[in-house]
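Below is one structure, written out as structure tokens; the observations come after it.
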Amino acid sequence: DLGMVRACLRQLAGLLAAEADDGQDTAGREPGLVRGGLAPWQVRRVAAYVDAHLGEPVTVSDLAGETRLSNGHFCRASKATMNETPHTYVVLRRIEHAQLLMLTTADSLSHIAATCGLTDQAHLTRLFRRFVGETPLNWRRTWRQTT
């Protein structure tokens, strides 16, 4: 199941990030927690909210509300925890969802873009190339042949 693989990869990335910690004292804190960052329950709430609303606009206010933080505090804490801005996190989740749809459906790229909350196929292509390094069409052809 691709969802299970993703969850394992995220967990592994979190463990590796904790290992790469610069040796600062973490006494009294759970492994992987970042000073000034989000608590594990907040990270789970943000991830669940984003995944449930991929096809809709997701604002910082929405995410901050899920974590019970102000917009500014949420932005700082999420950047400290996830090493990316909330906007980048949402975009990456949309691209991951688009990748899943490209592998599991025969839907057109324009339909996939709309399903993932992107404006159009050109928007998907621009973001996909920026974060994945190739166009969605090339990526789909390559990965469909190997699976």
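The values are calculated or read from the model by the stated rules, or taken from the named source; none is laboratory data. All values derive from a computational prediction rather than experimental measurement. Positions of Cβ are backbone-derived with ideal geometry, glycine not excepted, and every protein chain shown enters the neighbour counts. Surface accessibility is based on the protein's heavy atoms, side chains included, excluding ligands, DNA and RNA. Shrake-Rupley method; radii C 1.70, N 1.55, O 1.52, S 1.80 Å.
Taking a Cβ cut-off of under 12 Å around F74, the surrounding Lys, Arg, Asp and Glu residues balance to a net charge of +2, with basic ones at +1 and acidic ones at -1. Using the Cβ-Cβ distance between H87 and R129 with R0 set to 22 Å, the FRET efficiency works out to roughly 0.80.
Report the local net charge at R126: Lys and Arg +1, Asp and Glu -1, summed over other residues whose C-beta lies under 14 Å from its C-beta. Once all neighbours under 14 Å are counted, the net charge is +1. Other residues whose C-beta falls under 11 angstrom from the C-beta of G36 contribute a net charge of +3, scoring Lys and Arg +1 and Asp and Glu -1. Here the Karplus curve 6.51 cos²θ - 1.76 cosθ + 1.60, taken at θ = phi - 60°, turns the phi angles of region 64-81 into couplings of 4, x, 5, 9, 6, 10, 5, 4, x, 5, 4, 4, 5, 5, 5, 5, 5, 7 Hz, with x standing for Gly and Pro. The residues of region 31-147 have, on average, 55 Å² of accessible surface per residue, using a 1.4 Å probe with all protein chains present. Note on region 47-144: with charges restricted to the Cβ of Lys and Arg (+1) and Asp and Glu (-1), its dipole about the Cα centre is near 320 debye.
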